[in-house]
Every structure is written in structure tokens, then in C-alpha cells.
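The values are calculated or read from the model by the stated rules, or taken from the named source; none is laboratory data. Computed from a predicted model, the values in this text were never measured in an experiment. When we count neighbours, we look across all protein chains shown, and the Cβ atoms used for this are built from the backbone with ideal geometry, even at glycine.
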Amino acid sequence: MLAEVVTWLATPASLDARRTGHLTAAVSLWSRGFRCRRAWGPHEAHCHAVVDRAIGACERRRTAIVLGSGLVRDVPLDRLAAAFETVLLVDVVHLWPARWKARRHRNVRLVDLDITGSTDLILDRATGLSDPLARLAADPSVDLVISANCLSQLALLPLERLAAMNSSKRRRHADLGRRIVEGHLVALERFSGRVCLLTDSEGRDVDAEGRVLERRDLLEGVTLPPADEDWDWELAPIGEQAPDHAIVHRAHGFADWHGSVARGRRARSGGPAR
Ligand SMILES: C[S@@+](CC[C@H](N)C(=O)[O-])C[C@H]1O[C@@H](n2cnc3c(N)ncnc32)[C@H](O)[C@@H]1O
């Protein structure tokens with residue numbers, strides 16, 4: 001607990017990131033990630049393998065962007081930095097472990113950005129979402145974008161803040177969660193380079209006998225096309241969040257998001273899936 005307070009105070013973060021709760025969420029993720037490091041190992045290995053496939057398929061290797069870079073555990077930063085001229089780690093907040101990892105490479109830069117464009121809305125300074133990824137998506141030198149297990153997280157804090165707002169705002173933005181999740185997927189489609197998506201989609205409470213007690217959609221009703229790889233991520237072993245059950249998330253890796261979207265569209269329109 002003391003370590004969390006010290007980290008919160010010592011992290012260079014904007015006032016907005018403190019007020020929206022993003023810094024608090026990042027600190028608690030760091031703390032949980034440390035406690036659950038053994039359980040998260042297989043998930044991180046799956047993520048690295050999917051990212052390695054995406055790197056291997058990039059013909060040009062100028063700029064790589066990691067969205068939701070967090071503590072840079074899901075992506076092989078050393079290999080990215082060796083393969084690309086520039087690597088941008090994009091997150092709403094960068095804790096010190098991520099800053100230290102970035103400093104080991106002269107071509108890795110940190111970008112502080114709320115990629116949902118919801119900060120002004122939830123701090124009551126705007127009436128809608130902005131488009132913070134437009135500038136990066138317009139850059140033709142971006143050869144790889146990795147959305148690194150942030151999709152299911154993006155709507156959480158905006159929805160929490162919205163729940164505390166007055167009823168007319170709550171009604172006006174009743175579909176905010178879905179818009180944020182869909183908005184991220186649409187933003188990924190706008191990048192012309194290769195896009196790799198890592199995300200979870202469903203949470204399950206699982207007891208010691210392996211029985212599923214409850215299931216939760218993590219993507220606000222948005223469905224994904226079939227992934228290249230699916231696996232279970234033991235997010236919280238028994239005892240971490242609850243004494244009687246573990247929390248297991250279904251996770252997915254898309255080494256080529258553009259290709260998966262195109263195949264999904266063809267399948268829906270009755271054409272060959274290829
Ligand atoms: C589950 S973590 C991802 C872990 C990370 N990829 C890693 O390797 O450690 C989700 C990340 O999404 C980030 N995030 C949540 N909302 C965001 C937003 N609006 N803009 C940018 N990043 C956001 C969080 O700060 C967090 O780092």
C-alpha cells in the first residue's frame with residue numbers, strides 16, 4: 001500500500017491523468033501485475049509470439065507504435081527497438097518501470113495520450129469525444145501499430161465518471177462504452193501499416209473445481225472477427241480478488257487486424273473467407 005502511494009506521488013503524470021483516475025488505475029495494475037507475475041507469464045508469452053509474427057511480416061520498419069503500452073510487459077520491446085527506426089510507447093500514463101525500459105533504447109519515445117479522446121468529456125470540458133489518434137494514423141511512416149491489451153480497459157474509467165454525472169448527461173451518453181470500444185477499432189483500421197491487436201473479450205469467475213460461476217462481456221457488446229490465436233489469461237488466481245474463485249479472461253491475438261477484418265466482412269457477406 002505504501003509503495004502504491006509513493007508510486008502515485010512520484011510518477012510524472014498530468015493533472016488530467018490524476019483527476020480521471022488513470023494514474024490510480026495504472027498504479028494498481030502495476031501492483032497486481034507484480035503479485036500475479038507467475039500467473040501472467042503464459043499470457044505474456046502468447047502476446048510476444050503474436051507481436052513477433054506481426055514484426056516478421058513488416059516489409060518496412062520505420063515507426064512502430066504501441067497503444068496502451070503500460071508497463072511494456074505484453075510486447076517484446078528489445079526486439080521492437082532492434083527492428084524499427086523509432087518506437088512510440090503511447091499510454092495515458094507511464095510509470096517508472098516503463099520509463100526505465102524505454103531509456104535503455106535511444107530510439108524509444110514515450111507519448112502521453114488519452115487514446116479514447118474522452119478526457120475533456122468526462123472532466124466536463126467538452127460535449128463529445130475527440131479523435132486523438134488522427135495525427136498518428138495520417139503518418140505514412142507508421143509501419144506497425146500494436147494495440148496492447150487496452151481495448152477492454154478503455155471504457156472503464158469514462159463509464160465510472162459518467163455514472164457520477166447528472167441524469168441528462170448519463171442519458172445523452174448512454175452508449176459511451178460501446179462508442180469508445182468501436183471507436184478504437186475504427187481508429188486501428190485507419191492506419192495504413194500493419195496492425196496487431198491483443199485483447200481480452202470475456203471474463204469468467206472460475207471456482208477451484210473449474211466450474212464457471214459467472215461470465216462478463218468485456219467489450220461493451222462489440223464482437224470481434226475470429227483471431228489468429230485464442231488463449232486463457234489467468235488474471236487473478238484464487239485468493240487474489242476473491243477467496244472462492246479465480247478470474248480468467250479469454251484473450252485473443254490478431255497478428256494482422258486488417259486481414260482479420262476483411263475476412264470477417266467477406267464471411268458476413270457470404271463470400272469466401274480465404
Ligand atoms: C491491461 S493494461 C495493458 C498492459 C500493457 N500493454 C503492458 O504490456 O504492460 C491497459 C493499459 O491501457 C492504458 N489505458 C487505459 N485507458 C487509456 C486511455 N484512455 N488512453 C491510453 N491508454 C489507456 C492503461 O494505462 C494501461 O496501461
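Overview of results
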| item | result |
| --- | --- |
| In the stretch 58-103, the residues that are more than 13 Å from the ligand (Cβ to nearest atom), among the aliphatic types (A, V, I, L, M) and assigned to a helix (DSSP H, G or I) | A81, A82, A83 |
| When residues of the stretch 1-23 are limited to those that are more than 16 Å from A98 (Cα to Cα) and of a type in the set (S, T, N, Q), the one nearest to the ligand (Cβ to nearest atom) | T20 |
| Selection within the stretch 130-145 - within 14 Å of the ligand (Cβ to nearest atom) and either in contact with a helix residue (DSSP H, G or I) (Cβ under 6 Å, 6 or more places away or on another chain) or of a type in the set (K, R) (or both) | L133 |
| Per-region count, the stretch 104-129, residues among the hydrophobic types (A, V, I, L, M, F, W, C), surrounded by fewer than 21 Cβ atoms within 10 Å (Cβ to Cβ) and more than 10 Å from the ligand (Cβ to nearest atom) | 4 |
| Failed item, numbered, when G68 is tested on (1) at pLDDT 95 or above; (2) over 23 Å from L123 (Cα atoms) | (2) |
| Tabulated pairs, the stretch 155-184, first in contact (Cβ under 8 Å) with a residue 12 or more places away in the chain, second basic (K, R) and within 16 Å of the ligand (Cβ to nearest atom), C-beta under 7 angstrom, 6+ apart or interchain | none |
| Hey, D200 of a type in the set (D, E, K, R), within 12 Å of the ligand (Cβ to nearest atom) and within 23 Å of L71 (Cα to Cα) or not | yes |
| In the stretch 140-178, the residues that are hydroxyl-bearing (S, T, Y) and surrounded by fewer than 17 Cβ atoms within 10 Å (Cβ to Cβ) | S141, S167, S168 |
| Filtered residue count, the stretch 24-42, keeping only those that are farther than 10 Å from E4 by Cα and either more than 9 Å from the ligand (Cβ to nearest atom) or surrounded by fewer than 14 Cβ atoms within 10 Å (Cβ to Cβ) (or both) | 10 |
